[in-house]
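Written below as structure tokens is the structure these notes are about.
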Amino acid sequence: MCRSKESKVSDRRQDWTVADLIIPVLASALAIYYLTTIQDIPFMAQMYGGGLSILLLILSGIAILIMAIRLLVTKTASIRLDKGVVRAWARRYWRAGALVLLIVFFIVTVRFLGYTVVSLLFLSGAMYMLGSRGSIMRLIAPALIVTLIGYALFVLFLKVPLPLDPLSLFIKALV
Amino acid sequence: MDMILSAFHQTLQFWWLVPIGVTVGIFIGAIPGFSSTNVLIILLPLTLGMQSGPALALMASLYAGSHMGGSIPAILFNVPGTGAAAATCFDGYPMTQQGKGQQALAIAFVSSSIGGLVTTAITLFALGYLSKLVYYFGSIESFVVILFGLALIGQIAGKNPLKGFLAGIFGLLIGGIGYDSVYSVPRATFGVLELFDGVPRVPAIIGLFAISEALTMIEKERIIDTSMVKKLLGQGWKGTFEGIAIALKNLVAVIRSGLIGFFVGIIPGAGATIGSFVSYQQAVSFSRHKERFGHGNPEGVVASEAANNGLTSGSLIPLLALGIPGGGTAAVMLIVLQAHGVPIGPRLFEVAPELAYGVVVAMLLAYIALMLIGSPSVRLFSRMSYFPTRVLAPTIISFTLVGAYVARGYFFDMWLALFFGILGLIMRRTGYPPHAVLLGVILGPLSERYFTRAILLGDGDLSILFSRPLGNVLWVLLIGSLVVPSALRWLRSQGSSKNSESGR
């Protein structure tokens with residue numbers, strides 16, 4: 001009996017964490033910003049978006065209130081940001097974080113270096129970071145194959161106007 | 001009848017174009033960000049150089065193939081190739097994670113083919129009558145149809161209604177960013193020029209599904225348990241046959257979903273995404289096992305796939321009968337017809353009826369080809385999900401970033417895809433359903449457009465929404481579809497509890 005009570009409490013803890021407030025906070029920020037931008041437009045054009053913004057603020061308010069009650073009254077949620085928590089968090093998400101940085105690299109450099117070069121660098125970097133090991137050929141080969149498939153598909157067949165490096169432009173001209 | 005037979009005779013002369021169109025359509029549809037419209041535009045110089053009959057047959061086949069192709073990455077990687085396949089992810093991807101990817105793909109191919117075949121046959125015989133339906137669909141009716149799709153937010157919310165509704169309304173508000181469709185006033189654009197046309201749906205889909213999925217899948221070695229991969233490699237065609245059997249067992253659901261898609265397709269501008277969401281919502285509402293949806297229920301794949309292919313022939317009706325293109329693909333077809341000097345609208349049936357019926361016949365052949373080409377290839381496609389995530393995740397990201405860029409040619413859309421990817425990851429980790437946001441982003445602009453137009457017609461009076469006969473029928477159906485299943489479930493539970501009490 002006691003165990004089931006404990007597990008219920010821990011379930012409730014798992015149900016809501018402070019991180020759960022990220023979305024309500026983002027949503028409220030958008031709703032408030034949205035409301036400020038529709039002030040000067042005709043009422044009929046305000047109805048839909050304005051109504052949604054108010055509804056979103058109410059729902060976000062409820063979510064924030066629930067969290068406050070859990071933190072202060074029922075003590076079924078807690079804010080802990082000690083070394084252990086940060087370490088556990090970093091251990092879990094470092095790969096995702098590194099992959100996001102590689103995506104940023106892809107988007108920033110593709111217009112200067114061209115699709116093929118950036119795709120090759122991105123793919124080999126990401127595959128290495130995610131655990132592909134062995135000889136350089138073993139790492140580069142899959143990245144090269146995927147890049148060539150992408151080049152043939154997007155540039156040659158589907159005529160996507162992607163920025164290209166001089167070598168790709170030469171191949172394209174030959175084909 | 002003679003006209004239909006003559007259309008068959010004519011179309012069969014260039015039957016070989018149909019499998020080519022279907023195959024190319026499947027492959028292109030499978031690339032996230034590329035739709036049938038993109039393919040038709042790329043092939044426009046080719047089709048303009050052909051005679052109008054073969055050109056339209058090729059286009060119809062590409063259209064049918066691309067709708068099916070979109071479901072392949074949706075099922076295998078949780079990455080919908082087209083917006084219409086987004087609802088397929090809900091149950092298709094969990095099936096793959098359970099090692100039933102081959103089964104799910106077979107279900108998708110068979111449901112798509114049968115759903116498409118049935119509705120194309122209806123179009124062929126009732127084209128004249130069905131075209132009149134288009135006249136009855138105004139802003140009010142279209143708004144209510146979109147509400148059918150939005151009702152899915154309530155069902156996605158499931159376990160945690162607050163998080164579900166919050167996510168759905170957040171999505172609707174994101175969909176409200178950009179120019180107001182009636183007054184052309186920019187709203188919440190953050191001063192970014194690229195957002196003045198609104199938040200584009202392709203980067204949103206790619207971010208919320210593909211990028212956030214790639215960021216999540218790297219926590220595991222493979223999508224499927226490594227121990228299961230060896231077993232699956234040895235299963236041969238078993239999964240395919242099981243999938244076909246499941247689809248045939250759910251034949252009534254396939255036909256029902258196909259018809260839902262078909263009627264949504266008739267509404268100009270509604271599009272396949274709404275069709276598949278409405279059909280999925282109806283399947284969840286009327287299922288006895290509501291709780292199984294979203295966890296790998298084959299009925300979910302059936303509902304979404306049969307609907308988005310049932311819709312293809314429906315969307316041709318406004319084009320053929322009235323000259324109104326119902327969507328992007330139909331608009332490209334209109335260009336080809338015009339380039340060949342073919343009269344559009346009601347005169348098409350007087351001047352070149354064989355052409356109007358020929359398109360539908362080509363689509364009928366395309367669905368037969370789809371079944372013959374698609375089902376045997378399921379085994380091969382399903383093997384893609386066995387790759388390790390260290391190869392799969394970067395590949396998905398590099399392909400989908402290009403997909404995000406393609407639609408408008410803005411690098412900004414790649415950033416948008418990344419933003420939605422991170423948003424999707426946070427949502428997954430904190431229990432907010434990303435599907436609900438996507439539903440809002442896709443259906444939000446449409447629901448706003450129809451709502452505002454209806455309100456303008458009523459001069460600000462909300463009662464206009466209940467002033468049209470067809471609209472009122474749709475309201476009753478909407479409320480009925482939400483209330484009746486719950487009432488039936490309650491009655492059933494009351495009955496079973498009484499029985500168990502009397503048994504004691």
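Odds and ends about this structure:
- Residue count for segment B:165-175, restricted to those that are more than 20 Å from residue B:410 (Cα to Cα) and within 9 Å of chain A (Cβ to nearest Cβ): 7
- Residue B:374 within 26 Å of residue B:234 (Cβ to Cβ), at pLDDT below 90 and crowded, with 24+ Cβ neighbours inside 10 Å: yes
- Residues of segment B:168-201 that are part of a helix (DSSP H, G or I) and touching a Leu at 6+ places or on another chain (Cβ under 9 Å): B:168, B:169, B:170, B:171, B:172, B:173, B:174, B:175, B:194, B:195, B:201.
- Here segment B:424-458 is the region considered, the condition is being at the interface with chain A (Cβ under 9 Å from one of its Cβ atoms) and outside any helix (DSSP H, G or I), and the residue that is nearest to residue A:56 (Cα to Cα) is B:432.
- Filtered by the rule that a residue be within 14 Å of another protein chain (Cβ to nearest Cβ) and either at positive phi or surrounded by fewer than 24 Cβ atoms within 10 Å (Cβ to Cβ) (or both), segment B:39-76 gives B:41, B:42, B:43, B:44, B:45, B:46.
- Qualifying residue in segment A:74-94 (condition: within 13 Å of chain B (Cβ to nearest Cβ), part of a loop (DSSP other than H, G, I, E, B) and closer than 27 Å to residue A:28 by Cβ): yes
- Single match in B:406, B:402, B:351, B:391 (criterion: under 30 Å from residue B:432 (Cα atoms), free of Cβ contacts under 8 Å to residues at least 12 places away in the same chain and either in contact with a strand residue (DSSP E or B) (Cβ under 9 Å, 6 or more places away or on another chain) or of a type in the set (Val, Ile, Thr) (or both)): B:391
- Meets criteria (within 7 Å of chain B (Cβ to nearest Cβ), under 30 Å from residue A:151 (Cβ atoms) and touching a Ser or Thr at 6+ places or on another chain (Cβ under 9 Å)) for residue A:27: no
- The single condition among (1) in contact with a Pro (Cβ under 7 Å, 6 or more places away or on another chain); (2) more than 13 Å from chain A (Cβ to nearest Cβ) that residue B:416 does not satisfy is (2).
- Filter pass, residue A:100 being farther than 28 Å from residue B:24 by Cα and either within 11 Å of chain B (Cβ to nearest Cβ) or part of a helix (DSSP H, G or I) (or both): yes
- Selection from segment A:57-108 of residues that are over 16 Å from residue A:20 (Cα atoms) and touching a Leu at 6+ places or on another chain (Cβ under 8 Å): A:95, A:96, A:99, A:100, A:103, A:104, A:105, A:106, A:107
- Unique match (being over 22 Å from the mean Cα position of the chain (by Cα), assigned to a helix (DSSP H, G or I) and at pLDDT 85 or above) among A:22, A:69: A:69
- When the residues of segment B:77-122 are filtered to those that are among the hydroxyl-bearing types (Ser, Thr, Tyr) and touching a Leu at 6+ places or on another chain (Cβ under 9 Å), the one that is surrounded by the fewest Cβ atoms within 10 Å (Cβ to Cβ) is B:96.
- Residue in segment B:459-474 that is at the interface with another protein chain (Cβ under 10 Å from one of its Cβ atoms) and either part of a helix (DSSP H, G or I) or buried (at least 22 other Cβ atoms within 10 Å of the Cβ) (or both) present: yes
- Selection status of residue B:242, surrounded by fewer than 22 Cβ atoms within 10 Å (Cβ to Cβ), under 16 Å from residue B:96 (Cβ atoms) and not aliphatic (A, V, I, L, M): yes
- Verdict on residue B:357 being within 10 Å of another protein chain (Cβ to nearest Cβ), under 25 Å from residue B:40 (Cβ atoms) and crowded, with 23+ Cβ neighbours inside 10 Å: no
- Among the residues making up segment A:103-121, those that are more than 8 Å from chain B (Cβ to nearest Cβ) and surrounded by 11 or more Cβ atoms within 10 Å (Cβ to Cβ) are A:105, A:108, A:109, A:113, A:114, A:116, A:117, A:118, A:120, A:121.
- Pick from segment B:192-221, criterion among the charged types (D, E, K, R) and more than 12 Å from chain A (Cβ to nearest Cβ), ranking: nearest to the chain's Cα centre (by Cα): B:201
- Flag if residue B:18 is crowded, with 16+ Cβ neighbours inside 10 Å, away from chain A (no Cβ under 14 Å) and under 30 Å from residue B:400 (Cα atoms): yes
- Subset of segment B:7-42 [without any contact (Cβ under 8 Å) to a residue 12 or more places away in the chain and closer than 30 Å to residue B:210 by Cα]: B:42
- Residue in segment B:316-327 that is more than 18 Å from the chain's Cα centre (by Cα), more than 21 Å from residue B:65 (Cβ to Cβ) and modelled with pLDDT of 80 or more present: no
- Condition met for residue B:400 (touching a Pro at 6+ places or on another chain (Cβ under 8 Å), closer than 26 Å to residue B:65 by Cβ and among the β-branched types (Val, Ile, Thr)): yes
- Residue ID - farthest from the other protein chains (Cβ to nearest Cβ), chosen from residues in segment A:53-71 that are touching a Phe, Trp or Tyr at 6+ places or on another chain (Cβ under 8 Å) and of a type outside the set (S, T, N, Q): A:70
- Counted residues, segment A:134-175 - those being at the interface with another protein chain (Cβ under 10 Å from one of its Cβ atoms) and farther than 27 Å from residue B:39 by Cα: 1
The values are calculated or read from the model by the stated rules, or taken from the named source; none is laboratory data. In this text, all values refer to a predicted model and were calculated from it rather than measured experimentally. Glycine gets a Cβ as well: all are built from the backbone with ideal geometry, and neighbour counts include every protein chain shown.
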